[in-house]
Amino acid sequence: MTNFAYSQEALDLLQKSDKEVFSALMHEEIRQSEGIELIPSENYCFPEVYPLLGSVFNNKYSEGYPGRRYYGGQENTDTIETLARERAKKVFRAEHANVQPLSGCPMNEAVYFALLEPKDTILGMDLSHGGHLSHGHPVTNMYKIFNFVRYKTEIPSGNINLEHVRAMAKEHKPKMIICGHSSYPKEYDYAGFRKIADEAGAILMADVSHLGGLIAGGALKNPLDFGFDVVTTTTHKSLRGPRGGMILCKEKFAKAIDKSVFPGMQGGPHMHQIAALATTLKLVQTEDYKQYAKQVLANAQALAKGLIAGGAHLVTGGTENHLIVINTFTGFGITGDIAEKSLDEAGITLNKNMIPDDPNTPMKPSGIRFGTPAATARGMKEKEMDFLSKIMIQVLKSPHDAALLKSLHAEVKELCKKFPVPGIKG
Ligand code: DSN
């Protein structure tokens with residue numbers, strides 16, 4: 001088994017120079033090929049991305065921006081960064097794009113430093129209710145600098161109640177409101193958020209890291225169409241690009257954002273990553289990709305339907321995007337860590353997850369979170385989701401039955417053989 005992007009010479013050289021890392025690489029390819037990836041933030045990048053990530057662009061320092069760099073030799077790096085920026089603007093209907101953030105957290109931090117002053121108040125979503133670490137969790141460095149306050153979803157529905165967000169905005173007078181999540185299975189009322197930000201006089205930001213690809217493919221709404229000031233997204237999740245981040249914003253914030261990313265937060269941008277992003281942003285404009293984005297949502301519906309039929313308790317009762325959170329504690333009497341481990345043994349990878357106002361702890365939470373972007377990238381459809389839901393229910397009902405997990409794993413491997421991972425040859 002090998003990735004089509006490597007040449008035999010390069011692999012031989014690696015094997016000779018570093019047997020341990022070579023071996024881990026080979027085993028990871030087998031793991032990814034023979035198991036079902038349901039972690040909703042993971043995906044298989046486009047095969048075209050691999051050669052660029054392993055390219056000579058890795059060797060180049062390019063501090064600055066196209067046409068204004070601090071080092072020479074930038075004729076090709078300027079070309080790729082300009083392509084990435086222009087394509088990002090076109091795909092997301094943005095006035096400005098910065099494609100240099102190294103990943104999600106520095107991307108969001110660059111926005112805070114660009115548009116706010118230390119001690120300013122930011123209203124974001126609570127982590128256990130679906131928000132993200134970088135939206136103000138007390139364990140983060142940003143929490144020491146800005147005054148984060150966090151809205152929660154309603155219990156037991158799990159939905160965002162905009163009247164609660166409005167009341168928090170009236171009470172705390174935030175300078176910025178963040179709409180975005182890493183485990184909220186519903187669409188946002190972007191127009192409602194815009195209205196609240198206008199009433200509060202706050203800058204409005206959406207972090208659509210999970211949804212970037214689904215927005216690019218036209219399957220979900222785009223917050224920029226609702227007048228959001230800033231939209232951030234990572235580039236390796238539903239977008240299927242290289243690891244990285246991207247900031248899209250109104251022209252009036254462009255200078256401040258660019259200055260905050262470089263030199264404020266970062267030095268040399270990762271040009272191999274930016275080259276791969278440029279190509280990704282071309283590929284997401286194709287009809288095939290639009291079809292993929294629609295299928296991700298159709299597959300999530302099919303998976304949710306099968307799980308509900310099997311007795312699973314879904315947070316919010318279902319899903320309107322690519323992800324599903326289930327309460328394994330109430331549904332099956334097990335915590336998320338046990339569910340995660342047992343499903344892993346059956347060849348299905350997902351992650352334990354807190355549920356809103358979780359009575360349990362982060363390492364032994366009440367739920368699991370999963371989604372369909374990666375399985376859909378292998379070409380799986382509703383029929384396969386129905387099959388997977390039945391396997392998952394059997395595991396969740398008998399998580400300690402080693403013989404059952406082994407036989408289910410064999411079934412999962414058979415399914416995987418029919419749907420090769422993009423870019424990995426069997
Ligand atoms: N780690 C990502 C996720 O799984 O949602 C977000 O940073």
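For this structure, a couple of remarks:
- Placing a pseudo-label 7 Å from each Cα along the Cα-to-Cβ vector at Met26 and Phe387 gives an inter-label distance of 2.9 nm.
- Percent carbon-and-sulfur accessible area, the range 251-350, ignoring ligands, DNA and RNA, probe 1.4 Å: 55 percent
- Whether the range 26-166 is rounded, prolate or oblate, judged on the alpha carbon gyration tensor where a/c under 1.5 counts as rounded: oblate
- In plain terms, the chain from Tyr61 to Asn360 could stretch by 103.0 nm, reckoned as 0.36 nm per residue minus the Cα-Cα distance.
- Only protein heavy atoms count here; under a 1.4 Å probe, Ser17 has an accessible surface of about 90 Å².
- Note on the range 201-299: with charges restricted to the Cβ of Lys and Arg (+1) and Asp and Glu (-1), its dipole about the Cα centre is near 80 debye.
- Fully extended contour minus Cα-Cα distance, from Asp18 to Glu187, at 0.36 nm per residue: 56.2 nm
- Residue among Val231, Leu303, Met246 farthest towards the positive dipole end of the range 192-313, charges placed on Cβ: Leu303
- Interchain or long-range residues, amide H under 5 Å from Ile368's placed H: Ile326, Thr328, Asn353
- Subtracting the Cα-Cα distance of Thr82 and Glu171 from their residue separation scaled by 0.36 nm leaves 27.8 nm.
- Overall form of the chain: oblate. Here a/c, set by the Cα gyration tensor axes a ≥ b ≥ c, is 1.5 or more, and a/b is not larger than b/c.
- Anisotropy class of the range 164-299 from Cα gyration tensor, a/c 1.5 cut: oblate
- Pairwise FRET efficiency - Gln301 versus Phe4, Cβ, R0 = 41 Å, nearest 0.05: 0.80
- Largest to smallest accessible area among His210, His272, His313 [probe 1.4 Å]: His313, His272, His210
- Per residue, the average separation of C-alpha pairs within less than 8 Å and at least 6 apart gives the chain a relative contact order of 23 percent.
- Surface per residue (accessible, 1.4 Å probe) for the chain, Å²: 42 Å²
The values are calculated or read from the model by the stated rules, or taken from the named source; none is laboratory data. These numbers were taken from a predicted model, which means no experiment stands behind them. Cβ coordinates were reconstructed from backbone atoms using ideal geometry, including for glycine residues, and neighbour counts include every protein chain displayed. Areas reflect the complete protein model, heavy atoms only, side chains present, ligands, DNA and RNA absent. Shrake-Rupley method; radii C 1.70, N 1.55, O 1.52, S 1.80 Å.
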